[in-house]
Amino acid sequence: MFVARFTVEFIRPVPLAPLIVSSRVIRPGRRVQLVEATLTAEGGLVARAMALRIRVHEGIDLPPEAGGPAETLAPPDTVASVRLVPVDWENFGDALDTRPLIGGLTEPGPSVAWIRLLVPVVKDEEPTPLQRVLVAADCGNGISSVVDIHRYLFINPDLTVYQHRPAAGEWIGLDARTRLERHGSGLAEAALFDQRGRLGRSLQSLYVDER
């Protein structure tokens with residue numbers, strides 16, 4: 001089964017404490033399945049996810065796919081690495097190698113960047129293609145911020161990722177854009193690709209406020 005859609009809702013901040021993961025198939029099927037997972041810590045729910053899985057076909061005769069954005073972008077090994085969150089505190093960006101191609105992490109506006117994991121999600125386990133995609137997709141609002149991170153909050157309480165094929169390789173690219181509204185919400189969206197081309201899209205709702 002192939003994970004075609006993954007949605008996670010962040011219920012509350014995840015503490016630096018032992019975490020318990022549980023999962024169940026809530027819609028079994030030979031062609032389409034729906035799987036639910038929960039993450040609890042210190043006796044409380046901190047995140048809930050839903051994955052839509054579609055059967056992997058042996059092969060369907062389809063016309064050739066059009067070229068993706070990666071064909072016109074510089075490969076990651078030709079771009080300098082920068083810190084994802086350029087502020088003076090430790091954060092998850094320290095676990096990532098981020099290489100902006102268009103725009104900059106300290107420049108407001110849309111951005112295109114390559115991102116790869118520097119550490120495994122689970123100790124001693126090689127990250128899966130899905131894990132690499134989800135981690136990179138969660139950075140969409142960060143790399144395309146339109147306001148000063150020192151003055152404003154733009155936190156995503158959820159993340160939805162659609163894939164039409166599995167990622168290849170360790171580098172995941174994002175072509176991201178953020179839109180904010182004065183009433184306190186926003187939306188970040190990104191085209192997702194690898195060095196072969198397009199592979200999906202991500203969406204993040206945003207809670208917006210002044211610090």
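Data overview
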quantity	calculated
Distance from the stretch 134-211 to the stretch 1-69 (C-alpha centre basis), Å	18
At q = 0.26 Å⁻¹, base-10 log of I(q)/I(0) for the stretch 1-57 (Debye sum, equal scatterers on each alpha carbon)	-0.96
Whole-number Å³ per residue for the convex hull built on Cα positions in the chain	148
Counting all C-alpha pairs of the stretch 92-153, share separated by more than 14 Å (%)	58
Per-residue [θ]222 nm for the chain (sum of -39500 (n - 2.57) over DSSP H runs n ≥ 4, rounded to 500)	-1500 deg cm²/dmol
Sequence of E181, E42 from largest to smallest accessible area, 1.4 Å probe	E42, E181
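The values are calculated or read from the model by the stated rules, or taken from the named source; none is laboratory data. What you see is a predicted model; the values in this text were computed from it and never measured. In case anyone asks, the SASA skips ligands and DNA or RNA and just uses the protein heavy atoms, side chains included. Shrake-Rupley method; radii C 1.70, N 1.55, O 1.52, S 1.80 Å.
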